[in-house]
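What follows is a single structure, written as structure tokens, with notes after it.
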Amino acid sequence: SIGSGRVGLRNIGNTCFLNAVVQCLSHTRGLRDYCLLKSYRPEKFSKEDAKLMEAFSQVLSGLWDVNEGDTVVNPRQFYSIFKEAVPHFSGYSQQDAQEFLRFLLDKLHTEINRRPYVRRTGKEPELSEEAVAMWKKHLERDDSRIVDLFSGQLRSSLHCSVCSHYSNTFDVFCDLSLPIPKRSSGGEVTLRECLDLFSQEEKLDKENSPMCERCNRRTECTKRLSIQRFPQVIVIHLNRFTTSRWSISKSTVYVSFPLTNLDLGPYGPVDFLYDLYAICNHAGTVNMGHYTACCSDENGWCFYNDSSVTPVSENQLQTNQAYVLFYRRSNSTATVRK
Ligand SMILES: [Zn+2]
């Protein structure tokens, strides 16, 4: 039988970013069960060992295959295999949790891809291709439990201000990285305002715009992003870090977000509701930071701070440290809007 999952992860030297992300993924049921049951073994196409997947699953087994949360799991083996796969992550400097999440999901996906290896060409198919055709093409190359759960499709619409030609491009995403609107210190914004800013029409001048298909040259145009295909799990990255020419700064603006019934309908073709189940937090500054997680299970929410796990109440979840939010599609029926 399965345990409570309320087990901490040892910090093995500035690895709080890893511990926080692993706890969030460990509470992603569709991924957890897949790992615990080792369902990837008969599924994967590649003949190579799924080394990272095995090591990741072993960590999850340590977190879930125990009866009481008196133990702590050491992620050392998993981390060293991850660093072999992504050498960029070696060294003991503070790492970015969202970057780690992207690399981890990408590497896991590569190991458990159900499709044979197909060489990717730099040039994507014609811009006029329909979103559905693009998605089919994506699944012909990339198909795994990671894709089932986390992959969505983003539409980028360009409108040429010279000839009024519209064109769409479609990209796969595994997380939405949202800008945070500027506020004076002590100010407060909502997740909706971040989403609005993300999907707001943007004017591109000639130098920064792509070629207009009809004018056959770079022209002033407007660009707008929207969600074309919603994933099961939507990972929302609140982009608190801004890189300027000389330094990186962090926004500590408080962003409020709904725990249930996040409605992404205004940003895509269908009304889907999402419920929050995990949060990755970042406390402190750019150089001196600490990552923690809050995750929900059948019995409520817990605060995961490396090896320590303590229950928290729902009203303690929203802080100005929220950095990556994990929402799952709720069972409420979706209604077609457009
Ligand atoms: Zn044009």
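The values are calculated or read from the model by the stated rules, or taken from the named source; none is laboratory data. Note that this is a predicted model, so its numbers are computed, not measured. So basically every Cβ, Gly included, is an ideal-geometry build from the backbone, and we count neighbours across all protein chains shown.
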* Number of the condition not met by PRO87 [criteria: (1) under 22 Å from the mean Cα position of the chain (by Cα); (2) exposed (fewer than 15 other Cβ atoms within 10 Å of the Cβ); (3) under 23 Å from GLN321 (Cα atoms)] -> (3)
* **Residue that is nearest to ARG328 (Cα to Cα), among those in segment 165-206 that are of a type in the set (Lys, Arg) and within 16 Å of the ligand (Cβ to nearest atom)** => LYS203
* Considering residues of segment 55-113 that are among the small types (Gly, Ala, Ser) and over 26 Å from SER296 (Cβ atoms) only, the residue modelled with the highest pLDDT -> SER80
* **Tally, over segment 293-331, of residues that are without any contact (Cβ under 8 Å) to a residue 12 or more places away in the chain and touching a Gly at 6+ places or on another chain (Cβ under 8 Å)** => 1
* Structure fact -> Across segment 217-233, the tally of residues that are within 8 Å of the ligand (Cβ to nearest atom) and not in a strand (DSSP E or B) stands at 1
* Asked: Within segment 114-138, restricting attention to residues that are surrounded by 13 or more Cβ atoms within 10 Å (Cβ to Cβ) and over 24 Å from THR222 (Cα atoms), which residue is modelled with the lowest pLDDT?
  -> ARG115
* **Among (1) at pLDDT 95 or above; (2) touching a Lys or Arg at 6+ places or on another chain (Cβ under 6 Å) - the single one PHE45 does not satisfy** => (1)
* Cβ pairs under 7 Å, 6+ apart, first in segment 149-161 and over 29 Å from ASP205 (Cα atoms), second more than 16 Å from the ligand (Cβ to nearest atom) and of a type in the set (Ser, Thr, Tyr) -> LEU149/THR28
* To do: May I ask you to say which residue of ARG10, ARG41 is more than 21 Å from the chain's Cα centre (by Cα), of a type in the set (D, E, K, R) and over 23 Å from ARG115 (Cα atoms)?
  => ARG10
* To do: Give LEU63, LEU37 a once-over and let me know the one that is touching a strand residue (DSSP E or B) at 6+ places or on another chain (Cβ under 9 Å) and not aromatic (Phe, Trp, Tyr).
  => LEU63
* To do: Could you grab the pairs with beta carbons closer than 7 Å, sequence gap of 6+ or different chains, first residue in segment 55-80 and closer than 17 Å to ASN11 by Cβ, second one modelled with pLDDT of 95 or more and among the aromatic types (Phe, Trp, Tyr)?
  => VAL59/PHE78; PHE78/PHE56
* **Near pairs, Cβ below 6 angstrom, 6+ apart or cross-chain, from segment 135-147 (farther than 12 Å from LYS44 by Cα) to any residue that is of a type in the set (Val, Ile, Thr)** => HIS138/VAL172; ARG141/VAL118
* Structure fact -> Apart from one, (1) assigned to a strand (DSSP E or B); (2) of a type outside the set (A, V, I, L, M, F, W, C); (3) within 19 Å of PHE173 (Cβ to Cβ) all hold for THR242; the odd one out is (3)
* Could you tell me which of the residues SER209, SER256, SER244 is more than 13 Å from the ligand (Cβ to nearest atom), modelled with pLDDT under 95 and of a type in the set (Gly, Ala, Ser)? => SER244
* To do: Check SER164, SER157, SER144 and return the single one that is over 30 Å from THR252 (Cα atoms) and over 27 Å from the mean Cα position of the chain (by Cα).
  => SER164
